[in-house]
Structure formats: structure tokens, C-alpha cells
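Taken together, the values in this text are just the output of simple stated rules run on the coordinates, not laboratory data. Bear in mind the structure is a predicted one, so any value in this text is a computation, not a measurement. Don't worry about glycine lacking a Cβ; one is built from the backbone with ideal geometry, like all the others, and counts go over all protein chains shown.
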Amino acid sequence: SDLVLLFASHDALSKYLSGFYAIVMVVWARYVVHTLLMLVVFVPRSGFSAVVRTRRPGLQLARALCLIGTSLFFTTGLRYLPLAEATAVNFLAPLLVTALSVPLLKEKVSLGQWLAVLTGFIGVLFIVRPGGALFTPAALFPLGSALCFGLYQLLTRMLANSDSPTTSN
């Protein structure tokens, strides 16, 4: 689909640009463009104060820091790892969301869901091959990205009851 193409091309472009520019600059440019586009789309509809008003500023700040951490870790990982392998490690995020939803959101996870998590983890292990060439300290970057993204998703879920999707965006 077109959305998958956009994500893949974004990651490839980030990998390419990180070879020429500081990673912080690549991530900064991404979020400046995103912020400007969102302001252009949402402010005329809702007004500036409705877009930026939050009932839980601390959680929104933590969520923003998790998203920035995701981008910084993943883009740094792309500097040292092939795109496909870094992406595979980053696919641990949904597994972490499932595991962390129990203590953080007090959700119940069924046996089938735990089996799916285990299957996904085994899939990542096949790609990373512990003891293989990819199993280096550089693999910690996409792992950090996955953890930050998992926390980001959990915080998004926590904020869904108090803030509008526009504000969270």
C-alpha cells in the first residue's frame, strides 16, 4: 500500500541522510516539517489553543520524548545496521506493548496473545541470529527505538481518555 511505501522510503531517506548530516539534524527536520504540516491542517479547523491544549501536559511531554527517542535510536541504528535488520529489531515494539500493557495499563493478556508475542520474538531472533554478525552493540539502537515506541503507544492509549487526537498529534 501507499502508506507502507511512505514508511519504507522515510527510513531509507533517513539512512541516506544520516551519512551526511548529524542524526539530531535529520530527526529535527522530520519533526519541524511534521509540526508545520499539522499546524496548517488543524489550526484553521479548530483554532490554535484547541490544538495545543492538554489536560495532562506531563504525559504529553513524556510521550513526545518517547517519540523523539524512537527516531533518534532508530536513525542512529540505521547508520550502523542494514535497513531490513534494524527494522526487524524495531518490530519488537508491538511485543513490548503487549508485555508492558499488563503492569502499566492493568490489561489482561490471553494465552493466545502471549503465544503471538513469543512467536514474534522468535522471528526477531531468527533475523538477528544471536552470535551472528548482526548481534553487535549497534543492535541496541533499534532495540531502544522499539522500547521508546512501545512506551509511546502505551502513553497514547493513556491519553486517549483525556486529550483529543488532534492535540496528541
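Quick notes
- 3J(HN,Hα) couplings calculated from phi for segment 35-40 with the Karplus curve 6.51 cos²θ - 1.76 cosθ + 1.60 (θ = phi - 60°) are, in sequence order, 4, 5, 4, 5, 5, 5 Hz; Gly and Pro show x.
- Which label in [x] 17.4, 54; [y] 23.5, 95; [z] 16.7, 53 gives the computed Rg and Dmax of the Cα atoms in Å: [x]
- Distance (nanometres) between label positions extended 7 Å along Cα→Cβ at Leu5 and Leu65: 3.9
- Only Lys, Arg, Asp and Glu carry charge here, each on its Cβ (+1 for the first two, -1 for the last two); on that basis the chain has a dipole of about 420 debye about its Cα centre.
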